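Visitor: Following this message is one structure expressed as structure tokens.
The values are calculated or read from the model by the stated rules, or taken from the named source; none is laboratory data. Everything quoted here is computed from the prediction, not taken from an experiment. Here the Cβ positions follow ideal geometry from the backbone for every residue, glycine too, while neighbour counts run over all protein chains shown.
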């Protein structure tokens, strides 16, 4: 049976299960390039032998990953319209928690774009040092490319990124398998003895390393947030992609952690830990360069995760009245273009502000997403207790455990990174919440003022309008505007503001000879101000007592935009002031120049 035209139109711009990996999961997948290294950097401070603690720490992170993956599969099922932590919190925890989740995710999405792009360029600069002087232009160029692709639809960007993502994933599996079975690189040195520093690795250091390594979990929520981007059956497709992400990410994290210990590696300046692992596993041949180049490309393209998630989240916030309504508008491909463009602009500002330095942005990273993790899990606990669906108690226990672990990770991350820049997040997130509340208050007031959904009396015919037409002289523009004014069926008057010392007799005589119908009223203006003269005339008893006054202003439409700068803008200024300071109806009549 053929697919209906409506169904086909709805499916445009949608993605499938495998396309969801490059479209919504690259952020999480590419975190293997810096997550294990973040753990190693912390542990290295306690001695080289302390690196062995990366194994249990990674196991703990993978356990948390598994809980989050199964939890977000439940989020997809319960809230298939997207929004993730925001949607769950909104439905189960109330307004303030939902705004906290929304603001946290927005911060994380913007940082994800900036960190992913700068990390990709940094990897490129490591291979080609001559490009360092072009760091910011390269960052902005990649960002513009990704933004433009997403303006045409997530499916287009997902398809464009599919091959690089698959090369990256397959390449890493080749590295892990080769490293575990038979390394082809240079032989590893003998295992160092356990130093005293390794035996005294404290709980605080372990917690700090765990929190740093949890940066590898950013992006796990993006599939649930962008669930509407999937083809039907979208719930099943999104859940499969979420599970596939968990399997790939978890296995790679465990494999790379094992190789780090097995090869006795430690962080080095200007050489990433992943590069060291790759060299030991497959040598410095073709595979090494393929993996390194694909890592660079995948890191840069990981920003696409945010472009799939933030516009959907922003559309939900706009629908609920917490962001401008324009964020909820989309085209035929269901692309929320305002969200895409705003995300690109904010990420560009971060890149320029940090001078393209990834390490400047890392301390701000992951805090927001763990706040979202916590709220999503807590919201689902309440969801199961209220709904009491099949296996609800087991699901509630799983989500409760996830909430506790996520909250602990968020607290640890904030405490250990606070002085390194995380304090900025403590300022930005509340500021966003205040902004959301102010926007919502405005929309609430607007709804009340307009009487939306309130029974109003039927409209009654008003008296014929008194139409006032400002004129400078006799011209085609004047004739066009007067013709529109006469078509309104009321009394029409042409108004000319005469400056002091300006002869008006000639205009009055020409007007009489022209005989357009409406009389010409001359308003003297000693202050040489058109606006003041008009306001004074509107305030006169004759005009102020009229129930229906309309001011119709002619506006020249030049052929080229730059020619607007050559016009005096008096009509625009007059219309703006009249709308702000009077109750008269103000209209404009465009006169297009051929």
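Visitor: Is it true that some residue in segment 499-516 is free of Cβ contacts under 8 Å to residues at least 24 places away in the same chain, under 25 Å from residue 592 (Cβ atoms) and either in a strand (DSSP E or B) or assigned by TED's automatic domain parsing to the domain that holds residue 584 (or both)? Talk me through it step by step, then tell me what you get.
Guide: Taking segment 499-516 first, the residues free of Cβ contacts under 8 Å to residues at least 24 places away in the same chain are 501-506, 508-509, 512-513, 515.
Next cut, under 25 Å from residue 592 (Cβ atoms) only: none.
No; the residues of segment 499-516 include none that is free of Cβ contacts under 8 Å to residues at least 24 places away in the same chain, under 25 Å from residue 592 (Cβ atoms) and either in a strand (DSSP E or B) or assigned by TED's automatic domain parsing to the domain that holds residue 584 (or both).
Residue-wise test of (1) in a helix (DSSP H, G or I); (2) under 17 Å from residue 369 (Cβ atoms); (3) free of Cβ contacts under 8 Å to residues at least 40 places away in the same chain.
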{"residue": "216", "(1), (2), (3)": "yes, yes, no"}
{"residue": "224", "(1), (2), (3)": "yes, yes, no"}
{"residue": "235", "(1), (2), (3)": "yes, no, no"}
{"residue": "239", "(1), (2), (3)": "yes, no, no"}
{"residue": "243", "(1), (2), (3)": "yes, no, no"}
{"residue": "247", "(1), (2), (3)": "yes, no, yes"}
{"residue": "258", "(1), (2), (3)": "yes, no, no"}
{"residue": "261", "(1), (2), (3)": "yes, no, no"}
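Visitor: Same structure again: Within segment 351-362, restricting attention to residues that are in a helix (DSSP H, G or I) and buried (at least 20 other Cβ atoms within 10 Å of the Cβ), which residue is modelled with the highest pLDDT? Full working, then the answer.
Guide: Kept after step one, since they are in a helix (DSSP H, G or I), are these residues of segment 351-362: 351-353, 358-362.
Cutting the leftovers down to buried (at least 20 other Cβ atoms within 10 Å of the Cβ) gives us 351, 358, 361-362.
Details: 351: 87, 358: 71, 361: 76, 362: 68.
Per the criteria, the residue is 351.
Visitor: Just to be sure before I move on: is residue 484 modelled with pLDDT under 85 and under 48 Å from the mean Cα position of the chain (by Cα) in the structure I sent?
Guide: Numbers: modelled with pLDDT under 85: no; under 48 Å from the mean Cα position of the chain (by Cα): yes.
Here the answer is no, as residue 484 does not meet what is asked.
Visitor: Kindly indicate which of 232, 221 is exposed (fewer than 14 other Cβ atoms within 10 Å of the Cβ) and either in contact with a strand residue (DSSP E or B) (Cβ under 9 Å, 6 or more places away or on another chain) or modelled with pLDDT of 80 or more (or both).
Guide: 232
Visitor: So which helices (runs of 4 or more DSSP H) stay within segment 367-472 end to end and still have 3 or more residues that are at pLDDT 85 or above, farther than 28 Å from residue 78 by Cβ and not assigned by TED's automatic domain parsing to the domain that holds residue 70? Full working, then the answer.
Guide: Values: elements: 367-387, 392-417, 423-450.
The qualifying helices (runs of 4 or more DSSP H) are 423-450.
Conditions (1) over 23 Å from residue 14 (Cα atoms); (2) assigned by TED's automatic domain parsing to the domain that holds residue 166; (3) outside any loop (DSSP other than H, G, I, E, B); (4) touching a residue at least 40 places away in the same chain (Cβ under 8 Å), marked per residue:
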{"position": "280", "(1), (2), (3), (4)": "yes, yes, yes, yes"}
{"position": "291", "(1), (2), (3), (4)": "yes, yes, yes, yes"}
{"position": "298", "(1), (2), (3), (4)": "no, yes, yes, yes"}
{"position": "305", "(1), (2), (3), (4)": "no, yes, yes, yes"}
{"position": "308", "(1), (2), (3), (4)": "no, yes, yes, yes"}
{"position": "313", "(1), (2), (3), (4)": "no, yes, yes, yes"}
{"position": "316", "(1), (2), (3), (4)": "no, yes, yes, yes"}
{"position": "321", "(1), (2), (3), (4)": "yes, yes, no, yes"}
